[in-house]
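Quick notes on the structure that follows.
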Amino acid sequence: MQLLQWNKELEIGLGNVDTQHKQLIGIINELTIAVEYSQPNSDLLPLVDRLNEYAHIHFKVESDIFAQYEYPDRVDHEAEHDTFIEKVQYIRRQCELLDTPMSSKIKDFLLHWFISHIRTKDMEYKRFIDKLTHR
Ligand SMILES: [Fe+2]
Ligand SMILES: [Fe+2]
């Protein structure tokens, strides 16, 4: 089973961003395990809700950072966050509607989206702020 693991290469080093990334990775891993073991959708729902809630908190923190540093790519970055939230809400609706166990497509989406978002979009703002503040 493929699980996510935080490592130094994903380090942003700003405020509590890394702690939040680790927490989100933890929730995604819990969901992955639940899907792999074909847990009923009623068991997945609380995990999806936690992911949704925590993603909102994290994205707000990043938006505040963008505002603070007048980050030029802000709109684009936030659009990616919005797409993620929409997808999580879609997953939630599927969980409610379907009696059949969730497909592994869900976990594949979460696994890939999250790490690739940190590696690309989050790293872009890290580099911008590092340069700006001579960190
Ligand atoms: Fe992030
Ligand atoms: Fe982000």
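Check off (1) closer than 17 Å to Trp113 by Cα; (2) surrounded by fewer than 19 Cβ atoms within 10 Å (Cβ to Cβ); (3) in contact with an Asp or Glu (Cβ under 9 Å, 6 or more places away or on another chain) for Gly26 and give me the number that stays unchecked.
Exception for Gly26: condition (3).
Checking Met102 against (1) crowded, with 17+ Cβ neighbours inside 10 Å; (2) among the hydrophobic types (A, V, I, L, M, F, W, C); (3) more than 15 Å from ligand 1 (Cβ to nearest atom); (4) assigned to a helix (DSSP H, G or I), which test does it fail?
Result: Met102 fails condition (4) only.
Inspect all residues belonging to the stretch 29-47 and state whether any of them is in contact with a Pro (Cβ under 6 Å, 6 or more places away or on another chain) and more than 27 Å from Ile129 (Cα to Cα).
Yes, the stretch 29-47 contains at least one residue that is in contact with a Pro (Cβ under 6 Å, 6 or more places away or on another chain) and more than 27 Å from Ile129 (Cα to Cα).
Scan the stretch 68-77 and give yes if some residue there is touching a helix residue (DSSP H, G or I) at 6+ places or on another chain (Cβ under 8 Å), at pLDDT 95 or above, under 26 Å from Phe128 (Cβ atoms) and of a type in the set (A, V, I, L, M, F, W, C), otherwise no.
No - not one qualifying residue is present in the stretch 68-77.
Among the residues of the stretch 105-122, write down those that are away from ligand 1 (no atom under 16 Å from the Cβ) and in contact (Cβ under 8 Å) with a residue 12 or more places away in the chain. Before you say what the answer is, go through the steps one by one.
Residues of the stretch 105-122 that are away from ligand 1 (no atom under 16 Å from the Cβ), as a first pass: 105-109.
Ile106, Lys107, Phe109, listed by residue number.
Of everything in the stretch 85-119, what is more than 14 Å from Ile33 (Cα to Cα), modelled with pLDDT under 85 and of a type outside the set (A, V, I, L, M)? Give them in sequence order.
Hits for the stretch 85-119 are Asp99, Thr100.
Picking from Ser116, Ser103, which residue would you name as being out of contact with any Leu (no Cβ under 7 Å at 6 or more places or on another chain) and closer than 17 Å to Asp43 by Cβ?
On the way: Ser116 fails: closer than 17 Å to Asp43 by Cβ.
Going through Ser116, Ser103 in turn, just one is out of contact with any Leu (no Cβ under 7 Å at 6 or more places or on another chain) and closer than 17 Å to Asp43 by Cβ: Ser103.
Quickly run through the stretch 50-90 and pick out the residues that are aromatic (Phe, Trp, Tyr), assigned to a helix (DSSP H, G or I) and within 15 Å of ligand 1 (Cβ to nearest atom).
Tyr54, Phe59, Phe66, Phe84
Please verify whether the stretch 31-47 includes one or more residues that are closer than 25 Å to Glu11 by Cα and either within 15 Å of ligand 2 (Cβ to nearest atom) or exposed (fewer than 15 other Cβ atoms within 10 Å of the Cβ) (or both).
Checked against the condition, which is being closer than 25 Å to Glu11 by Cα and either within 15 Å of ligand 2 (Cβ to nearest atom) or exposed (fewer than 15 other Cβ atoms within 10 Å of the Cβ) (or both), the stretch 31-47 yields at least one hit.
Return the total of residues in the stretch 82-135 being within 16 Å of ligand 2 (Cβ to nearest atom) and basic (Lys, Arg).
5
The values are calculated or read from the model by the stated rules, or taken from the named source; none is laboratory data. Everything numeric here is computed off the predicted structure, so don't read it as measured data. In this analysis, Cβ positions are derived from the backbone assuming ideal geometry, glycine residues included, and neighbour counts consider all displayed protein chains.
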